[in-house]
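Structure first, then comments.
The values are calculated or read from the model by the stated rules, or taken from the named source; none is laboratory data. Keep in mind it's a predicted model, so treat the numbers as computed, not measured. Here the Cβ positions follow ideal geometry from the backbone for every residue, glycine too, while neighbour counts run over all protein chains shown. Quick note on the areas: whole protein, heavy atoms, side chains included, nothing else; ligands and nucleic acids left out. Shrake-Rupley method; radii C 1.70, N 1.55, O 1.52, S 1.80 Å.
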Amino acid sequence: MPDLFWASMTELAGLIATKAVSPVEVTRVHLERIAAHDPGLKSYITICADGALAAAREAESALMGGRPLGPLHGVPYALKDLYDTAGIRTTGGSKILADRVPAADATVVRRLAEAGAILLGKLNMVEFAYGPEGFNPHYGDVRNPWDRTTHRLTGGSSSGSGAAVAAGLAPGTLGSDTGGSIRIPASLCGITGLKPTYGRVSRGGVLPLAWSMDHVGPMTRTAADCALMLTAMAGYDPADSSTSVLPVPDYRVALTGDIKGLRVGLLRAFFLDGATPEVRAAVEQAARTLAAGGAVVDEVNLAQMASTAPAALAIVGSEALAYHATNLRTRAADYDPEVARRLKVAAFIGGQHYVRAQQVRALVRADVDAALAHRDVLLAPSTPMTAPALQERQVTLGDGPSPVRPALIRFTQPFNLSGHPACSVPCGFTSGGLPVGMQIVGRPFDEATVLRAADAFQRLTDFHARRPVLG
Amino acid sequence: MLPAMTSPVIDLDTLRAGARLAGFGWSDAELEAIRPQVEAALRLLRALEATPVDAEPTTHYRTV
């Protein structure tokens, strides 16, 4: 069967369940694709070929033996290399943890295995998830699959997760998102990435960057696949005290395609006004598409956005330094110099800054809640620009020049502070062929509506179905 | 409050003292290397102090 590596997780699950393809064949196709293209992309740190094939053979036996099948039975996926995997090294993209082999799986890894998913490997990332560009001096800078001639950023920190899905090296992956690390690579790589509500998905067994800002979630090619993975992953976990006891719905049921009357708030100030003209035009067109599909679109502004960058700096810096202080004292030379620099700067953030930032955070949350009081979702660009070239350090945005790093996280980090669910979907392409990402932000624990809107948009457009041509 | 919080420029002595208080014994060269970023961060953090806030800090939040 041709192009199995471009099939969605939902399609693969159906093909396997009906015995149209075998899990072994699906796994082998993906491993061959990885072998052919990953040396150039550098999206994987560890490839679990033997384990994946063994699991696929076991899945095939279960299928042929008529045993009960999970919703992801025989479907391959890959993990950002900060999820603990029993017996498989988990590096956090670092030299410091290069030989760390956990004894147990992270909670979500266990849940995905119980759902039948097959692990292809562990994905490249920014060291310890501390950076949005996608650089990694230890395992290589992941290359964005959408440009064969120029090495462009994938975005990060889930750089390998974004590139692998975009390039057909995995139908779905898990990322983590502290300031945008799922949504930024989703935007720059033209895929779909969901940051769930804080507390919806367990972080148990996931290396932290900043505990109060960290979210974990799926990165796939379709909103339907995000729904499939989220349904299998979400829910209370005693290993993560932040997880909610709210019941987990089957998010796939929400994907009706019906958005008649859906109230959509288009975020103008700070967001659309801060985007490049091509990104702004693509998101405005997406809003018109949703309106044509029956949604009721108006414009809305958030008042507290100017405070989000300093608040995020104080919180992420302080929490990250707390985690890394010992290694920074004893093994500073083993860090990525850029990550070490960020951690060192964090030593000068005072306790009063941290508390003040948590106060500002309460305002940001109330601000977003107010905007959603009479709307179902908010719409904004995921990133203000498309993928910059590797050596680019400055970009010109809608409201002036900006260094690349703060520009990348500008539109995403407000929702890490607020904890609201946000999904990035491809909503257009530039004249140069680079994908544009759009965020759909929803009420806390209302991932169902976020995914319904994202899925409906993907039924109305084909941006998510376009594929890069690999060299 | 560190002098740097009220001044746009932070000198090496202040950096040494701040690092030592935080438990780090970085060399002068290491401190000089991060001085521009520390100054930029403290300038940014000053915006937090300018934000009118009458909310309690978020602690263990939104868990249902």
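What to note about this one:
- Ordered from largest to smallest accessible area (heavy atoms of protein chains, 1.4 Å probe), the residues A:GLU392, A:GLU133 come out as A:GLU392, A:GLU133.
- Lys/Arg +1, Asp/Glu -1 at C-beta; chain A dipole; positive extreme among A:LEU262, A:LEU451, A:THR149: A:THR149
- Alpha-carbon centroids, segment A:83-139 and segment A:173-219: separation in whole Å: 13 Å
- Histogram of C-alpha separations across the protein assembly as shown, 20 Å bin width, %: 24, 58, 17, 1
- Ligands, DNA and RNA left out, the accessible area of chain A computed with a 1.4 Å probe is 54% carbon and sulfur.
- Volume per residue of the convex hull around the Cα atoms, evaluated for segment A:274-336, comes out as 165 Å³.
- FRET E, pair A:THR256, A:ASP99, Förster distance 45 Å, beta-carbon r, rounded to 0.05: 0.40
- When A and B come together, around 3300 square angstrom of accessible surface is lost from both chains combined, probe 1.4 Å.
- Over chain A, relative contact order from alpha-carbon pairs under 8 Å, at least 6 apart, %: 17 percent
- For segment B:19-57, accessible area lost to neighbouring protein chains reaches 40 Å² or more, against the chain alone with a 1.4 Å probe, at B:PHE24, B:TRP26, B:ILE34, B:GLN37, B:LEU44, B:LEU45, B:LEU48, B:THR51, B:VAL53, B:ALA55, B:PRO57.
- Long-range HN-HN contacts of A:GLY121 with modeled amide H, under 5 Å: A:CYS48, A:LEU79
- Of all lysines in the structure, the ones whose alpha carbon falls short of 19 Å from that of A:LYS195, not counting any fewer than 8 places away in one chain, are A:LYS80.
- Label-to-label distance, nm, for residues given as B:ALA17 and B:ARG43 (7 Å Cα→Cβ offset): 2.3 nm
- Solvent accessible area, Å² - B:ARG35, 1.4 Å probe, full protein context: 60 Å²
- For segment A:326-470, the equivalent ellipsoid derived from the Cα gyration tensor has semi-axes of 31, 24, 14 Å, listed largest first.
- On a per residue basis, the convex hull of the C-alpha atoms belonging to segment A:49-184 measures out at 112 Å³.
- Mean residue ellipticity, 222 nm, helices only, the protein assembly as shown: the sum of -39500 (n - 2.57) across DSSP H runs of n ≥ 4, divided by residue count and rounded to 500, is -12000 deg cm²/dmol.
- Å² per residue, accessible surface of chain A at 1.4 Å: 31 Å²
- Whole-Hz ³J(HN,Hα) from phi, Karplus 6.51 cos²θ - 1.76 cosθ + 1.60, for segment A:383-390, glycine and proline x: 10, x, 9, 7, 4, x, 5, 3
- Coupling constants for segment A:59-70 follow from the phi torsions by the Karplus curve (6.51 cos²θ - 1.76 cosθ + 1.60, θ = phi - 60°), and in residue order they are 5, 5, 4, 4, 5, 6, x, x, 6, x, 10, x Hz; glycine and proline get x.
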